[in-house]
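> I have a structure here, written as structure tokens, and I will follow up with some questions on it.
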Protein chains: 2
Amino acid sequence: MSSVKSVNIGGLKIGGGAPVRVESMLKTPLEDVAGCVLELDGLARAGCELVRVAFPREGLRGELRQLVTKSPIPIMADIHFNHRFAIAALDCGCRSVRINPGNMGTRGLAELISAARANGAVIRIGSNGGSLSAAQLESADGDRAAALVAAVEEQLLPLASAGFEDVVISAKSSSVPQTTRANFILSQRYPFPLHVGITEAGQGVGGAVKSAVGLGILLSQGIGDTMRVSLTGASKDEAETAYSILRALGVRNKGINFVSCPGCGRRRIDVERMAGRVKALLPDGLPDGLTVAVMGCEVNGPKEAAEADIGLAGTQNGFVLFKKGKTVATGGEDTLEETLKTFLAAPV
Amino acid sequence: MSSVKSVNIGGLKIGGGAPVRVESMLKTPLEDVAGCVLELDGLARAGCELVRVAFPREGLRGELRQLVTKSPIPIMADIHFNHRFAIAALDCGCRSVRINPGNMGTRGLAELISAARANGAVIRIGSNGGSLSAAQLESADGDRAAALVAAVEEQLLPLASAGFEDVVISAKSSSVPQTTRANFILSQRYPFPLHVGITEAGQGVGGAVKSAVGLGILLSQGIGDTMRVSLTGASKDEAETAYSILRALGVRNKGINFVSCPGCGRRRIDVERMAGRVKALLPDGLPDGLTVAVMGCEVNGPKEAAEADIGLAGTQNGFVLFKKGKTVATGGEDTLEETLKTFLAAPV
């Protein structure tokens, strides 16, 4: 379970038994600092704990520095090629950089390692299914999971040789079987915290499902110390989906556990509509892990959702409100809002 | 992997190495036959292979018979208490019934087993987290996964005693850890096909994610012969989500594998908007398992999506269209529709 070693990014512990962290990456370009801050605030509210920001040129130092100052959560600068950009990011206050050591040159990497040491910063490295070279694939006999692992090892070697161990490693691809297999191997072979995710998962329900399948498999076996759900869409959806996955696994309980039946021929109400109404009525600030159920019929509903802290089931004329399987109120459809508000106003 | 034994429901093989089947349950009440047929047709188009229908009273025999005749896929009648309803369902042409043997009485169950034998029908049994009795929970020392298994065994015993083995078994709850653990045990202990699912998963992305986590964990280990994603919402969404899960695992390839990047500060285009446009342009009837990618920038996009059969990446002035990582066309934003249509018209 979890990694043996841990790292600390500006106060955020990753690995070594810390809770699985939720990450995202800014979609707003760094040029637009105000937009970035707005996005960061939304991410923080959704529970995101670490945000990666592309830092494509040194000319954006001022913007990066402002962002680090204004961000409610730690920033990891994402650098593609130049070690000077990584050192500049550390100068701007970032306590973590994501780099590919193979792109930095021996001397450049040595300079970056010194700067990271001086700043107590963490270096994230990692391979990506789309960036595997022909040589890497060939030496792995075309086994893409093995090639992902080998690519991580290529990046890890120069850091390990320098005795630098404040690293987070990752191996990601858009294929769930490749990603899970590569991470099984890495988790067995190395003590470093693992960043896990399925890259380019897509958009909407399909993208969330692909991420949930891959991350569910890994996290259910205790593999993964920090996660990113990569979705085409709003970044706060990435954080919310991450917590849905963690909640389903019982690993972290942020947010409401929403239970609702699919509605069969036995249903008394339009479950979808009632579930929507109930969701809209739930105030912010309810305790994490609270289970809320909406069930189609009063015959099976309260029993099937007996563990729910708050439950509603349809009846011939309206609804019953129940708590841990026991009816606490009944009412007609038009009194739902009022009844639920009264109930929620009392301590749950 | 897969169950040792298999069953056959009106020509549909389940277990014993057959593909993992995709199930759903009608949300339209049986009283409305035309509505049921419409729902069934939609489910069949979405790839659903078996549909459960609540059959709450014998007076609906005529409706059930019509449905069985008109349905493009096999129907399983869902019966709560009365063995006569189950026998009536077999008379109406159903080749499978879902029952709880404990509710049927010894003589009733014997009659039902005779009728099932005479009709070559399959009996599905199973436990549900919400229906566990206090006695079942107590004898499992409060371990809900163990209680789910014990409840299945209670139902299985009278069938096994009668030598009836055309059964599908299931253990479902709205908790992923409970459901996965119960199914691990059942898959090791019994040779019968397993129906798997997370009950009352909820609605929208949250419901799909909970199902994907639970079913991903089970199916990645070869556990589960037929699956249902229980969602509050349209039943065809259940089938589509099931295939998204199977596709992510590489278990079944129905549908398009859609890959799109989350869009970072490096992106050249609004990836979400372009992904939406591309999805809308894809015609029906594309080969199953085709990978379509939409990537934000031309620098990383075609390489990161090098395995895509069709890919689009944003450029400063429009897009590049690529196939297996090689550019095949470029264009301005306004020529996207035309270029993609021309490309798709040629054999992929």
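> Among A:LEU109, A:LEU67, A:LEU90, A:LEU60, which is the only one that is more than 18 Å from A:GLU165 (Cβ to Cβ), crowded, with 19+ Cβ neighbours inside 10 Å and touching a helix residue (DSSP H, G or I) at 6+ places or on another chain (Cβ under 6 Å)?
None of the other options fit; the residue is A:LEU67.
> Ok, one more. Take the conditions surrounded by 24 or more Cβ atoms within 10 Å (Cβ to Cβ), within 10 Å of chain A (Cβ to nearest Cβ) and in a loop (DSSP other than H, G, I, E, B) and apply them to B:GLY263. Does it pass?
For B:GLY263, the condition - surrounded by 24 or more Cβ atoms within 10 Å (Cβ to Cβ), within 10 Å of chain A (Cβ to nearest Cβ) and in a loop (DSSP other than H, G, I, E, B) - is met.
> While we're here: Quick one: which residue in A:GLY142, A:GLY130, A:GLY126 is on the phi > 0 side of the Ramachandran plot, crowded, with 18+ Cβ neighbours inside 10 Å and within 14 Å of chain B (Cβ to nearest Cβ)?
A:GLY126
> If the requirement is being assigned by TED's automatic domain parsing to the domain that holds B:THR226, assigned to a loop (DSSP other than H, G, I, E, B) and among the small types (Gly, Ala, Ser), which of these qualifies: B:GLY47, B:GLY35? Write out each step before concluding.
Numbers: B:GLY35 fails: assigned to a loop (DSSP other than H, G, I, E, B).
Just one listed residue meets the conditions, B:GLY47.
A quick yes/no check of all residues on (1) more than 11 Å from chain A (Cβ to nearest Cβ); (2) open to solvent by 80 Å² or more (accessible area, probe 1.4 Å); (3) touching a Ser or Thr at 6+ places or on another chain (Cβ under 7 Å); (4) touching a residue at least 60 places away in the same chain (Cβ under 8 Å):
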| position | (1), (2), (3), (4) |
| --- | --- |
| B:ILE256 | no, no, no, no |
| B:LEU286 | yes, no, no, yes |
| B:ALA305 | no, no, no, no |
| B:ALA313 | yes, no, no, no |
| B:LYS323 | yes, no, no, no |
| B:VAL328 | yes, no, no, no |
| B:LYS341 | yes, yes, no, yes |
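> Checking the structure you have, find out if any residue of region B:24-31 is in contact with a strand residue (DSSP E or B) (Cβ under 9 Å, 6 or more places away or on another chain) and part of a strand (DSSP E or B).
yes
> State yes or no: is A:GLY250 open to solvent by 30 Å² or more (accessible area, probe 1.4 Å), of a type outside the set (Asp, Glu), under 30 Å from B:LEU40 (Cα atoms) and within 8 Å of chain B (Cβ to nearest Cβ)? Give the steps one after another, and end with the answer.
Values: open to solvent by 30 Å² or more (accessible area, probe 1.4 Å): yes; of a type outside the set (Asp, Glu): yes; under 30 Å from B:LEU40 (Cα atoms): no; within 8 Å of chain B (Cβ to nearest Cβ): yes.
So A:GLY250 fails the test.
> Can you work out which of the residues in region A:288-303 that are open to solvent by 20 Å² or more (accessible area, probe 1.4 Å) and under 27 Å from A:GLY47 (Cα atoms) is nearest to the other protein chains (Cβ to nearest Cβ)?
Filtering region A:288-303 for residues that are open to solvent by 20 Å² or more (accessible area, probe 1.4 Å) and under 27 Å from A:GLY47 (Cα atoms), the one nearest to the other protein chains (Cβ to nearest Cβ) comes out as A:THR291.
> Another question, then. So if I check each of B:ALA234, B:ALA242, which one is more than 7 Å from every other protein chain (Cβ to nearest Cβ), buried (at least 24 other Cβ atoms within 10 Å of the Cβ) and among the small types (Gly, Ala, Ser)?
The match here is B:ALA242.
> Now, a different point. Whether any residue in region B:313-334 is touching a Leu at 6+ places or on another chain (Cβ under 8 Å), within 17 Å of A:GLY130 (Cα to Cα) and among the polar types (S, T, N, Q) is what I want to check.
yes
> Oh, and also: What are the residues in region B:4-56 that are in contact (Cβ under 8 Å) with a residue 24 or more places away in the chain, among the charged types (D, E, K, R) and surrounded by fewer than 18 Cβ atoms within 10 Å (Cβ to Cβ), if any?
B:LYS5, B:GLU31, B:ASP41, B:ARG45
> Any idea which of (1) in a loop (DSSP other than H, G, I, E, B); (2) over 16 Å from the mean Cα position of the chain (by Cα) is the one A:ARG252 doesn't satisfy?
(2)
> Something else: Report, by residue number, each residue of region B:172-191 that is among the small types (Gly, Ala, Ser) and either farther than 17 Å from B:MET227 by Cβ or within 14 Å of chain A (Cβ to nearest Cβ) (or both).
Matches in region B:172-191: B:SER173, B:SER174, B:SER175.
> List the number of the failed condition for A:PHE319; all other conditions in (1) more than 13 Å from chain B (Cβ to nearest Cβ); (2) within 20 Å of B:PRO29 (Cα to Cα); (3) open to solvent by 10 Å² or more (accessible area, probe 1.4 Å) hold.
(3) is the only condition that A:PHE319 fails.
The values are calculated or read from the model by the stated rules, or taken from the named source; none is laboratory data. Quick caveat, the model's predicted, so the values are computed rather than measured. FYI the Cβ positions are ideal-geometry reconstructions off the backbone, even for glycines, and counts take in every protein chain you see. Quick note on the areas: whole protein, heavy atoms, side chains included, nothing else; ligands and nucleic acids left out. Shrake-Rupley method; radii C 1.70, N 1.55, O 1.52, S 1.80 Å.
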